[in-house]
Amino acid sequence: MVGGPYFDVKLGRKDGLESKAHKVRGNVPMPNQTVHDIHGMFKKNGFSLREMVALSGAHTIGFSHCKEFSDRLYGSKADPEINPRFATALKELCKNHTVDDTIAAFNDVMTPGKFDNMYFKNLKRGLGLLASDHLLIKNNSTKPFVELYATDEKAFFEDFARAMEKMGTVGVKGDGEGEVRRRCDHFNNLNV
């Protein structure tokens, strides 16, 4: 729908019987975590560093709320490596984020509605929105993958598709542990 790669999604996967926000921490990367910590989460589920970087490319679409990156913009901890024009625009956008927590910015400012490799090109230009995104170009272990995907969209698409297929096999529930959801827009016992 947005131009990204095709990948198979296995049918019949069972999801948990409940969804609890407190169970997310430690299992989903946070916007200010280090590459080492994020890779640790992926590694415990059998993902390589390359797969982690490819999956990070999902940030080529979507958005993040200002509270997730505002520490990079304001005060003594402002990030000097963020593109200055980008920082100025984000400061203007997010100036009221403490009173309106719905204010958000696109993760990929250049092509926000298209799944492409622009996210990786943006990282090289200081246009990574989240601190964890920016660290991918700064870290010597992940930088080669960022550079590869920035120049070779086909490689990114192939790696992303394989990693997404693999993601679909993580934490599959057994009999009695979950259910095959009939509706994906409704969560039973959602408690956030």
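The values are calculated or read from the model by the stated rules, or taken from the named source; none is laboratory data. Every value quoted in this text rests on a predicted model; they were computed, and no experiment measured them. All Cβ positions, glycine included, derive from the backbone under ideal geometry; neighbour counts span all protein chains shown. SASA here: full protein model, heavy atoms, side chains in, ligands and nucleic acids out. Shrake-Rupley method; radii C 1.70, N 1.55, O 1.52, S 1.80 Å.
Pairs Lys14/Lys114; Lys143/Lys166; Lys91/Lys166: which are spaced more than 26 Å apart, C-alpha to C-alpha? Beyond 26 Å: Lys14/Lys114; Lys91/Lys166. Computed from Cα positions, the angle between helix 153-167 and the longest principal axis of the chain comes to roughly 40 degrees.
Judged by the mean number of other Cβ atoms found within 10 Å, the most tightly packed of the peptides 35-44, 64-73, 118-127 leads the ranking 118-127, 64-73, 35-44.
How tilted is helix 84-94 with respect to the longest principal axis of the chain? Cα atoms for both, answer in degrees (0 to 90, nearest 10). Orientation of helix 84-94: about 60 degrees from the principal axis. With contacts defined as alpha carbon pairs under 8 Å and 6 or more residues apart, what's the relative contact order of the chain in percent? Result for the chain is 38 percent. DSSP assigns beta bridges within the chain; of those with both partners inside it, close to 60 percent run antiparallel. Note on the chain: GNM, Cα springs under 10 Å; of Arg25, Arg13, Arg162, the largest mean-square fluctuation is that of Arg25. Sorting Thr60, Thr169 on solvent-accessible area from highest to lowest, probe radius 1.4 Å, gives Thr169, Thr60. With the convex hull of the Cα atoms taken as the outline of the range 1-157, the averaged projected area works out to 10.8 nm².
Residues considered: Gly46, Gly128, Gly176. Largest GNM mean-square fluctuation over the chain, using C-alpha springs under 10 Å, is found at Gly176. Across the range 17-40, the residues whose backbone nitrogen lies under 20 Å from the label position 7 Å along the beta-carbon direction of Lys138 are 29-40. Heavy-atom accessible area, probed at 1.4 angstrom with all protein chains present, ranks Ser141, Ser76, Ser56 as Ser76, Ser141, Ser56, highest first.
Put simply, the C-alpha atoms of the range 1-47 give a gyration tensor, and the ellipsoid matching it has half-axes of 23, 19, 12 Å, longest first. If you run the Gaussian network model on the chain, springs between alpha carbon atoms under 10 Å, then out of Leu17, Leu93, Leu135 the most flexible one is Leu17.
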